[in-house]
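Written below as C-alpha cells is the structure these notes are about.
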Amino acid sequence: MLFGDASSIPILMYHHVSPSAGPITTSPSNFENQLKWLKWHGYQSITTQQYVDYLNGHPLAAKSVMITFDDGYLDNWVWAYPILQKWGFNAVIFLVTSWVHDGPVRPCQGRAGHLPDTPDHHECERRINAGHGDDVVLRWSEIHEMVESGTFEFHSHTDTHTRWDLGDDKANKNLHMMEELTRSRQTLAARLGYATEHLCWPQGYFDEDYVQLAKQAGYRYLYTTLAFGQNKPSSNPECIHRFAVRNTTGESVGRRIWVARNPFVAPLFNGWKRWKRSRRERA
C-alpha cells in the first residue's frame, strides 16, 4: 500500500442505514455494497486523529476516506455497526448528546433477539420531538460497546441540534449556541472520558460568530455539509468538507470518491457545482 500519496481526504456523510426508505437513508444492502466496493478497491477508513495528523503533515495512504454519521440514530447500531465490523472499517458519529438515554443494549443484526424498529428520518424526528427519542436514538450502553470495539468514535453535534438562527430568540443565538457547545463537550467528557475537539454543525449551518464560539469552547476541527471542496494537508480545519452518500451502489459512490480526491478533476467539478448553486440562489 502506498503512503504519502493522499492529495485529499474524501469524507462521507451518512445519517441512517435502515430497511425503512427515506430521503437520507441508505439501505443495509446498499451500505454493504458500498463498503464491499471500498474494500475491493483498496480503500481504508481513517480516524479523526489520523486526519488531524494528516493536517499536520503526516502521510496517509492514497486511498484514505473518513466515514461519518450525523445525529446518532439507533439504526447506526442495529445495521451500520455490524456491516462496518464485517468489512473492517471504522467510522465517526457526531452525536446530539441530549437525545441519548441510559438503558440496556438492544439487539443488532447478527445477534440473537428481535431487532428494534428503525424508522425513516421523519418518523425519528417525530418521536424525538414527542419525547420518545429513546425509541430511535442510541443508548450510552450501545455507544460504549461501539467505542470499545474500535469501530466507532463519537464527537459533538451539539447538545440539542437546534437552529438558533431560525428561532424566536435570534438575538441571543450566540449565547444559546455557546451553551450547546459547552454542554455537549462536557457530556462527552463525562460519559466517554475525553473532551472532544471535533464538532459537526447542526443542519450544516454556521457563521463566523459560531466558528469563534466553537474555538472558545475548545473545538478545533469543524465539520460542515459543504460538499464542494477538498480536504488537503493545507486545508482549513475550521471548514472540513463532507459529501452526502445516497442510497446507491458502491460503484456510484466510488465515482464520487474518485472525483473528490482527484487533484485535477475535483477543482473543476467543485467550481462548476458552486457556480450552478450561485445561479439558483440568484434566480
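The values are calculated or read from the model by the stated rules, or taken from the named source; none is laboratory data. Remember, it's a predicted structure, so these values are computed and weren't measured experimentally. Reconstructed Cβ throughout: ideal geometry from the backbone, glycine too, with neighbour counts over all protein chains shown. Just the protein is used for accessible areas: all its heavy atoms, side chains included, with ligands, DNA and RNA removed. Shrake-Rupley method; radii C 1.70, N 1.55, O 1.52, S 1.80 Å.
Odds and ends about this structure:
- Hits among lysines - C-alpha to C-alpha of Lys170 under 24 Å, sequence gap 8 or more where chains match: Lys215
- Only helices enter the 222 nm calculation for the chain: every DSSP H run of n ≥ 4 contributes -39,500 (n - 2.57), and dividing by all residues gives -11500 deg cm²/dmol, rounded to 500.
- Per residue Cα convex hull volume in Å³ - calculated over the range 151-194: 65
- A 1.4 Å probe run over the protein chains yields, for the chain, 46 Å² of accessible area per residue, whole-number rounding.
- Three semi-axes of the equivalent ellipsoid, the chain, Cα gyration tensor, whole Å, largest first: 27, 25, 19
- Proportion of all alpha-carbon pairs of the range 1-157 beyond 21 Å (%): 45
- Selection from Leu222, Pro233, Ser252 lying farthest towards where the dipole of the range 212-283 points positive, charges on Cβ: Ser252
- Estimated FRET transfer efficiency when R0 is 51 angstrom, pair Trp140-Ala283 (beta carbons, to 0.05): 0.65
- The Kirkwood radius of the range 89-197, taken over pairs of alpha-carbon atoms, gives through the Stokes-Einstein law at 10 °C and 1.306 mPa s a diffusion coefficient of 104 µm² s⁻¹.
- Rg/Rh for the range 132-281, where both radii come from Cα atoms and Rh is the Kirkwood radius: 1.00
- Calculated FRET efficiency for the pair Ala244/Lys215, C-beta based, R₀ 22 Å, to 0.05: 0.25
- For the range 183-220, the residues whose amide N sits under 20 Å from a probe point set 7 Å from the Cα of Ala171 along the beta carbon direction are 209-210.
- Reach of Lys86 by Cα under 22 Å, taken over lysines that are not fewer than 8 positions away in the same chain: Lys36, Lys39, Lys63
- Debye intensity ratio in log₁₀ form over the Cα atoms of the range 5-57, taken at each q of 0.12, 0.20, 0.23, 0.31 Å⁻¹: -0.39, -0.85, -0.96, -1.20
- In nm, spacing of pseudo-spin labels at His122 and Val259 (7 Å Cα→C-beta vector): 2.7
- Under 5 Å from the amide H of Phe69 lie the amide H atoms of Tyr14, Val92, Ile93, Phe94, each residue being 5 or more positions distant or on a separate chain, with H modelled from the backbone and absent for Pro and chain starts.
- Accessible carbon and sulfur surface of the chain relative to its total accessible area, %, 1.4 Å: 52
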